[in-house]
1. If Lys and Arg each add +1 and Asp and Glu each add -1, what is the summed charge of the other residues whose beta carbon sits under 12 Å from the beta carbon of M77?
2. If I model a spin label as a point 7 Å beyond the Cα along the Cα-Cβ vector, how far apart are those points for A27 and R76 in nm?
3. Could you go through the range 99-104 in sequence order and give the Karplus-derived ³J(HN,Hα) for each residue, using 6.51 cos²θ - 1.76 cosθ + 1.60 with θ = phi - 60°, rounded to whole Hz, and x for Gly and Pro?
4. Considering the values (1) 17.8, 55; (2) 14.9, 43; (3) 15.3, 48, which represents Rg and Dmax of the Cα atoms in Å as calculated for the structure under consideration?
5. Which percentage, to the nearest 5, of the DSSP beta bridges contained in the range 2-198 is antiparallel?
6. What does the charge dipole of the range 66-210 about its Cα centre add up to, to the nearest 20 debye, if the Cβ of each Lys and Arg holds +1 and the Cβ of each Asp and Glu holds -1?
7. Would you pull out the residues with amide H under 5 Å of T112's amide H, same chain only if 5 or more places away, H placed 1.01 Å from N?
8. Between D127 and E150, take the C-beta separation as r, use R0 = 30 Å, and let me know the FRET efficiency to the nearest 0.05.
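Only the coordinates and a few stated rules stand behind these numbers; no lab work does. Because the structure is a prediction, the values reported are computed rather than measured. Backbone-built Cβ (ideal geometry, glycine too); neighbour counts: all protein chains shown.
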Amino acid sequence: MREVTWYFDFVSPYAYLGLHTLKRLPADTSLRYQPVLFAGLLSHWGQRGPAEIPPKRVWTYRSCIWWANQNNVPFRMPAAHPFNSLPFLRLSIAVGNSAQAVRAIFTALWTTGADPADSVIIESLADTLGVDRKRLSDSSVKNTLRESTEQAARRGVFGVPTFGIDEQVFWGSDAVDFAAAYLADASILATEEIKRADSLPIGASRAGSN
């Protein structure tokens, strides 16, 4: 049984779409759902999110809607995006990050067109999942999210969704087949060309990028 960690944030439409590809992992995979704060990863690596770059924001939404339609995945953009995902991440942690809870939260956010800022959504989810809403303010839950995000960054996670397998990371909503191939044969990351690419020198860099 191979352990795979799936890092995600409910704010990411790509994470929602990636959720629907998890079934393509090998049957003997032990999958651990790990919520992290995407904004925290962006800050750690000095990046801007897709929605913070106007034309990339438009492209992101269009590409996600198209992919969902092509793959018959229920999808509707929420009433506002980006949104504050902290309550939903904490809810996931409060219920132990079960697959059922993660899917229920993603579904509420990415198939209804509702406004994630509407307190009714988090209240309804908490009630459905059997969690006292006061738990979302517990310092232990908040600390777990912060520590999980910091641990993910130390592991090399820079975006969501990401698979963590052994010491490797596989990023993106379309990374499941690459991850599955690695699980079947870890030597795919040891080819001469991959080793050469991993050690390529930087030929030029933008001012202020280092």
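1. Values: positive: R57, R62, R76; negative: D115.
Residues close to M77 contribute a combined charge of +2.
2. 3.6
3. My calculation for the range 99-104 gives 4, 4, 5, 4, 5, 5 Hz in order.
4. Among (1) 17.8, 55; (2) 14.9, 43; (3) 15.3, 48, the one calculated here is (1).
5. Details: 7 of 14 bridges.
Roughly 50 percent of the beta bridges in the range 2-198 run antiparallel, per DSSP.
6. Numbers: 13 positive and 16 negative charges, 83 e Å.
It works out to roughly 400 debye.
7. R76
8. Details: r = 31 Å, r/R0 = 1.03.
That gives a FRET efficiency of 0.45.
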